Amino acid sequence: MLTEPRSGRLAAWGNALIAGLVSPDEAVHRIVGEDALHRIEGLPGESAQVGLSLGLGRLRALGVTGLRVALPAPGHPLGLSGPPDFNARALEAEEAVVASGGRPVGLVPEVFEAGPEGDVHVEVVWHCLPVRDAPPADVPSLGEAERELAEALREATELLTRLDVAGSGPVAQAALEAYRARTERGREVLAPGYPPRAVRVLELAQRVGALIDIAYGPGKAAGGGREHGAAVSASEIAARAEVLRPVERTARRAQVAAYNAYVEERERH
């Protein structure tokens with residue numbers, strides 16, 4: 001959770017573009033980020049893949065007024081509304097974007113890497129699929145998310161002390177410093193049009209996510225697979241996952257609430 005999900009960038013800057021708050025070039029630049037290229041496949045009315053600018057324009061022409069984020073995990077279809085085929089693909093990707101208003105469609109990213117070692121570039125194809133026009137699953141309000149995060153932050157901080165985390169010294173400190181540097185480099189974590197409270201909730205969710213990564217171990221904090229720090233037995237590894245799971249779930253719920261705040265506020269007014 002130290003990095004921004006691609007679905008978050010697409011929803012945030014897609015919403016800003018649909019609202020006319022940024023130019024198509026700015027939106028595409030922000031969505032693509034460090035990737036080489038993003039395209040959309042399966043859009044209604046398009047027989048081939050199209051670029052992001054044309055694709056977002058097509059969604060707006062189909063009556064789409066906003067984009068929501070889904071960050072599902074096994075046993076937790078966070079932000080999804082069906083049907084099963086779309087949910088399964090979103091769960092495999094661990095993220096998706098769902099259109100609000102107009103044609104009920106969703107976008108699931110498929111990531112491709114190409115190039116020699118040291119010069120790998122990333123291309124993303126967003127597969128456009130029909131979705132069920134229903135409320136998304138288990139998405140809290142911003143107020144709920146902020147209250148839950150305050151408790152989750154305390155729990156995550158206590159866990160670093162209570163668990164025998166091998167990286168709770170210099171490694172953990174280095175990971176936190178890297179996280180702070182990353183957030184300072186990109187303070188605009190959401191696009192124009194989002195309420196300040198959403199920015200605050202997303203930043204806090206990312207902070208909780210950083211602590212979770214550290215608690216799982218140095219391999220996770222560095223962006224690799226989960227290495228469980230000083231846990232040396234299967235029972236200790238299972239115990240660590242058990243206590244971290246609800247905190248991680250809270251952070252993901254808050255992320256989705258923040259990214260979806262633009263659509264929620266627009267629909268409320």
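The values are calculated or read from the model by the stated rules, or taken from the named source; none is laboratory data. Note that the structure is predicted; figures quoted are calculated from it, not measured. Cβ atoms come from the backbone with ideal geometry, glycine included; neighbour counts cover every protein chain shown. Note: areas computed on protein heavy atoms with side chains; ligands, DNA, RNA excluded. Shrake-Rupley method; radii C 1.70, N 1.55, O 1.52, S 1.80 Å.
Could you tell me which of the residues Val32, Val28, Val50, Val22 is more than 20 Å from Val122 (Cα to Cα) and out of contact with any Lys or Arg (no Cβ under 6 Å at 6 or more places or on another chain)? Outline the logic, then answer.
Values: Val32 fails: more than 20 Å from Val122 (Cα to Cα); Val28 fails: more than 20 Å from Val122 (Cα to Cα); Val50 fails: more than 20 Å from Val122 (Cα to Cα).
Answer to the selection: Val22.
Do we have Gly63 as assigned to a loop (DSSP other than H, G, I, E, B), of a type in the set (Gly, Ala, Ser), open to solvent by less than 40 Å² (accessible area, probe 1.4 Å) and out of contact with any Leu (no Cβ under 8 Å at 6 or more places or on another chain) here?
On the way: assigned to a loop (DSSP other than H, G, I, E, B): yes; of a type in the set (Gly, Ala, Ser): yes; open to solvent by less than 40 Å² (accessible area, probe 1.4 Å): yes; out of contact with any Leu (no Cβ under 8 Å at 6 or more places or on another chain): yes.
Against the criterion (assigned to a loop (DSSP other than H, G, I, E, B), of a type in the set (Gly, Ala, Ser), open to solvent by less than 40 Å² (accessible area, probe 1.4 Å) and out of contact with any Leu (no Cβ under 8 Å at 6 or more places or on another chain)), Gly63 qualifies.
Just one of the numbered conditions (1) outside any loop (DSSP other than H, G, I, E, B); (2) open to solvent by less than 50 Å² (accessible area, probe 1.4 Å); (3) of a type outside the set (Ser, Thr, Tyr); (4) modelled with pLDDT under 75 is not true of Leu202; which one?
If we test Leu202 against (1) outside any loop (DSSP other than H, G, I, E, B); (2) open to solvent by less than 50 Å² (accessible area, probe 1.4 Å); (3) of a type outside the set (Ser, Thr, Tyr); (4) modelled with pLDDT under 75, just (4) comes out false.
Glu95 passes all but one of (1) in contact with a strand residue (DSSP E or B) (Cβ under 7 Å, 6 or more places away or on another chain); (2) over 24 Å from Arg249 (Cβ atoms); which number fails?
Among (1) in contact with a strand residue (DSSP E or B) (Cβ under 7 Å, 6 or more places away or on another chain); (2) over 24 Å from Arg249 (Cβ atoms), the lone unmet condition for Glu95 is (2).
For region 36-60, give me each residue that is surrounded by 15 or more Cβ atoms within 10 Å (Cβ to Cβ), within 22 Å of the chain's Cα centre (by Cα) and hydrophobic (A, V, I, L, M, F, W, C).
Ile40, Leu52, Leu56, Leu59
Kindly indicate whether Gly115 is touching a strand residue (DSSP E or B) at 6+ places or on another chain (Cβ under 7 Å), modelled with pLDDT under 95 and over 22 Å from Gln255 (Cβ atoms).
Considered against the rule, which asks whether it is touching a strand residue (DSSP E or B) at 6+ places or on another chain (Cβ under 7 Å), modelled with pLDDT under 95 and over 22 Å from Gln255 (Cβ atoms), Gly115 comes out as yes.
Out of curiosity, is Arg9 assigned to a helix (DSSP H, G or I), within 28 Å of Ile214 (Cβ to Cβ) and either free of Cβ contacts under 8 Å to residues at least 24 places away in the same chain or open to solvent by 10 Å² or more (accessible area, probe 1.4 Å) (or both)? Can you show your working first?
Working: assigned to a helix (DSSP H, G or I): yes; within 28 Å of Ile214 (Cβ to Cβ): yes; either free of Cβ contacts under 8 Å to residues at least 24 places away in the same chain or open to solvent by 10 Å² or more (accessible area, probe 1.4 Å) (or both): yes.
For Arg9, the condition - assigned to a helix (DSSP H, G or I), within 28 Å of Ile214 (Cβ to Cβ) and either free of Cβ contacts under 8 Å to residues at least 24 places away in the same chain or open to solvent by 10 Å² or more (accessible area, probe 1.4 Å) (or both) - is met.
Given (1) over 17 Å from Leu244 (Cα atoms); (2) at pLDDT below 65; (3) open to solvent by 60 Å² or more (accessible area, probe 1.4 Å), identify the lone condition not met by Arg226.
Single failed check for Arg226: (1).
Which residues, counting only those in region 22-35, are open to solvent by 70 Å² or more (accessible area, probe 1.4 Å) and closer than 17 Å to Gly8 by Cα? Write out each step before concluding.
We begin by selecting, within region 22-35, every residue open to solvent by 70 Å² or more (accessible area, probe 1.4 Å); these are 25, 29-30, 34.
Result: His29, Arg30, Glu34.
Would you say Glu46 is in contact with a strand residue (DSSP E or B) (Cβ under 9 Å, 6 or more places away or on another chain) and part of a loop (DSSP other than H, G, I, E, B)?
Values: in contact with a strand residue (DSSP E or B) (Cβ under 9 Å, 6 or more places away or on another chain): yes; part of a loop (DSSP other than H, G, I, E, B): yes.
Answer is yes for this residue.
Being touching a helix residue (DSSP H, G or I) at 6+ places or on another chain (Cβ under 6 Å) and without any contact (Cβ under 8 Å) to a residue 24 or more places away in the chain is the filter here, so list the residues in region 81-127 that pass it.
Val108
Within region 30-38, can one find any residue that is basic (Lys, Arg) and in contact (Cβ under 8 Å) with a residue 40 or more places away in the chain?
Filtering region 30-38 down to residues basic (Lys, Arg) leaves 30.
Imposing the further condition that a residue be in contact (Cβ under 8 Å) with a residue 40 or more places away in the chain reduces the set to 30.
Within region 30-38 (the criterion being basic (Lys, Arg) and in contact (Cβ under 8 Å) with a residue 40 or more places away in the chain), the answer is yes, since at least one residue qualifies.
Right, Pro77: at pLDDT 95 or above and surrounded by fewer than 20 Cβ atoms within 10 Å (Cβ to Cβ) or not?
Values: at pLDDT 95 or above: yes; surrounded by fewer than 20 Cβ atoms within 10 Å (Cβ to Cβ): yes.
So Pro77 fits the description; yes.
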